[in-house]
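First the structure, in the form of C-alpha cells, and then the observations on it.
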Amino acid sequence: MKKIGIAGATGLVGETLIRVLESGPWRIVELRLFASGRSAGTRIDFQDNELEVKKLDPKGFKGLDVAFFCLEPELAEEFVPEVAKRCPVIDKSSHFRLKEDVPLIVPEVNPEAVKNHKNIIANPNCTTIPLTVAIAPLARKFGLKALNVATYQSVSGAGRKALEQLQFETECLAMNQEPTSPDPRAPTPEPRSPFPCQVAQNVIPEIGNYDPAGNTAEELKLINETRKILSLPDLLVNVTCVRVGVKHGHCLAVTARFEKKAWWQSARTILCNAPGVLFMTTDEYSGPATIAEGHDEVFVSRLRQGAVPEELNFWVMTDNLRKGAALNAVQIAELLF
Ligand SMILES: NC(=O)c1ccc[n+]([C@@H]2O[C@H](COP(=O)([O-])OP(=O)(O)OC[C@H]3O[C@@H](n4cnc5c(N)ncnc54)[C@H](OP(=O)(O)O)[C@@H]3O)[C@@H](O)[C@H]2O)c1
C-alpha cells in the first residue's frame, strides 16, 4: 500500500504517470497531485476517484512513500531539495542528473546505483533511456568504444505547449494559412512558440541552446548522461539531436563501435533477450505512431553490420512519455521499494 505525490500532475509527463500508476504495480491508498496555482482546483480521474490538483507546496509531501517531480529544471532546483527532506523524490528534470551524489537510473542498466541515493534520484532524458537500454547488453558483451547517434524526437518531448503549437500549425497548413505564432486560441498562450521555426511538417536540427562548441543542450544531455549511466566517463559520443513534426515517439539511428568484433547475428541474439527491448525484424517494423505510442518497450530494429566487424548499426524507438519518462520513473520507485 503506497502513498504517492506528483508535482506537475497536469503536464504531459505527469498525466502519463497517473495512467501508468493506475495500471501499475502497487495498491495506492493516497495520491496527491500538485501543479501551478493556475491548475489548482482542477479535478483528475484516478481509478474510481476524482482527485483535486493542489498548488505546489513542499509541506504537502509529508508522509508519502515517494514523490515524482515532472517540472522544468528551475522549479526542480527550487522545490526538490525541500520535498526530499520529507520523502524520496524521483525527478524527471535535467537539473540533478549529473550531480555526483544523485543516482541517475535506468532500471534495466544500472539498478545497483539506487542504493546510494540521498532522497533524490534522477530520471534520465527521454533519448538517453532508450539508447542505454539497447546499448548496455551489447556493451557488456563486446566492450563499447564509441557511439554515433542521430535522434528524431517528437514534439511531445517538449511538453504540452509544444503539442498545442503543433496542433495549431497543422490546422493552419491544412487551411493553406501561414502558421503564425503564437496560437491566439491556445488555452495556455505563450509569448512565442517553443520552437525556432515552424515545427509542423518540418525537421529542425536544434533542441535547446548551443554551447560554445556548437552542441545543443539536448546533445550534451545525451552524451553526459550515457557516460554516467554506463560508467564509461571517457566514452566517445557524437550526437545530432533533431526535432521532427510528429506528436509522439522518439527514434535514434545508432552506430556503435566496440572493442571486439560484434557480428550482427550475435548482437541480434543478445538484443532478443535484453530486458526492456523488443527486437523487430524489417518486416515487423513501422514507425513510432504505429508501434511505439502507448507501449512500454524499447523497440530495436534495422540491425546490421557497420563499416568494420567492430561496428553495428541499428534503429531504436520508444514512447518518450512512457519508457522515456513516466514508466522509467515508476520502475525506479519499484527498485526503491
Ligand atoms: N515530455 C517528455 O517526453 C519528457 C520526457 C522526459 C523528461 N521530461 C521532463 O519532464 C518535465 C516535465 O515535462 P512535461 O513534458 O510534462 O512538461 P509540461 O507538459 O509542460 O508540464 C509542465 C508541468 O509543470 C507544471 N508547472 C509549471 N509551472 C509551475 C509552477 N510554478 N509550480 C508548480 N507547477 C508548475 C505545470 O502545471 P500547470 O498545468 O499548472 O501549468 C505542468 O503540470 C520537464 O523537466 C521535461 O524536460 C519530459
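Summary table below
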| read-out | value |
| --- | --- |
| Phi-based couplings in Hz for segment 61-72 (Karplus 6.51, -1.76, 1.60; Gly and Pro marked x) | 9, 4, x, 8, 6, 7, 10, 9, 9, 10, 10, 5 |
| Peptides 280-293, 148-161, 62-75 ordered by average Cβ neighbours within 10 Å, highest first | 148-161, 62-75, 280-293 |
| DSSP beta bridges in segment 128-320 [antiparallel fraction, %, rounded to 5] | 70 percent |
| Interchain or long-range residues, amide H under 5 Å from residue 2's placed H | 27, 28, 29, 30 |
| Neighbourhood net charge (15 Å Cβ-Cβ; Lys/Arg +1, Asp/Glu -1) for residue 222 | 0 |
| Kirkwood-based shape ratio for segment 41-190, expressed as Rg/Rh from alpha carbons | 1.05 |
| Placed amide H near residue 243: partners under 5 Å, 5+ positions off or other chain | 153, 204, 206 |
| Average Cα contact separation per residue, segment 31-73, under 8 Å, 6 or more apart, as relative contact order % | 35 percent |
| J(HN,Hα) series, segment 329-337, from Karplus relation 6.51 cos²θ - 1.76 cosθ + 1.60, nearest Hz, glycine and proline x | 5, 5, 5, 5, 4, 4, 4, 4, 6 |
| Formal net charge of residues neighbouring residue 262 (Cβ-Cβ distance under 10 Å; K, R +1; D, E -1) | +1 |
| Rel. contact order, % - alpha carbon contacts under 8 angstrom, at least six apart, segment 128-320 | 30 percent |
| Helical mean residue ellipticity (222 nm; -39500 (n - 2.57) per DSSP H run of 4+; nearest 500) of the chain | -7500 deg cm²/dmol |
| Linear extension gain, residue 78 paired with residue 270, 0.36 nm per residue minus alpha-carbon span | 64.9 nm |
| Whether the chain is rounded, prolate or oblate, judged on the alpha carbon gyration tensor where a/c under 1.5 counts as rounded | oblate |
| The chain - share of DSSP beta bridges that are antiparallel (%, nearest 5) | 45 percent |
| FRET efficiency, residue 175 to residue 247 (Cβ-Cβ, R0 22 Å, nearest 0.05) | 0.70 |
| Charge context of residue 326, other residues only, Cβ under 9 angstrom, K/R +1, D/E -1 | +3 |
| Value of Rg/Rh across segment 128-320 [Cα atoms, Kirkwood radius] | 1.02 |
| Where Cα atoms sit under 21 Å apart: lysine pairs in segment 128-320 separated by 8 or more or lying on different chains | 8 |
| Placed amide H near residue 144: partners under 5 Å, 5+ positions off or other chain | 259 |
| Charged-residue dipole, Cβ positions (Lys, Arg, Asp, Glu), the chain about Cα centre, Debye nearest 20 | 780 debye |
| Integer Hz, Karplus 6.51/-1.76/1.60 couplings in order for segment 85-94, x for Gly and Pro | 6, 10, 6, x, 10, 9, 9, 8, 7, 7 |
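Each reported figure results from applying straightforward, stated rules to the coordinates on display, with no laboratory input. Since we're looking at a predicted model, the values are computed, not measured. Neighbour counts are summed over all protein chains in view; Cβ atoms, including those assigned to glycine, are modelled from backbone coordinates with ideal geometry.
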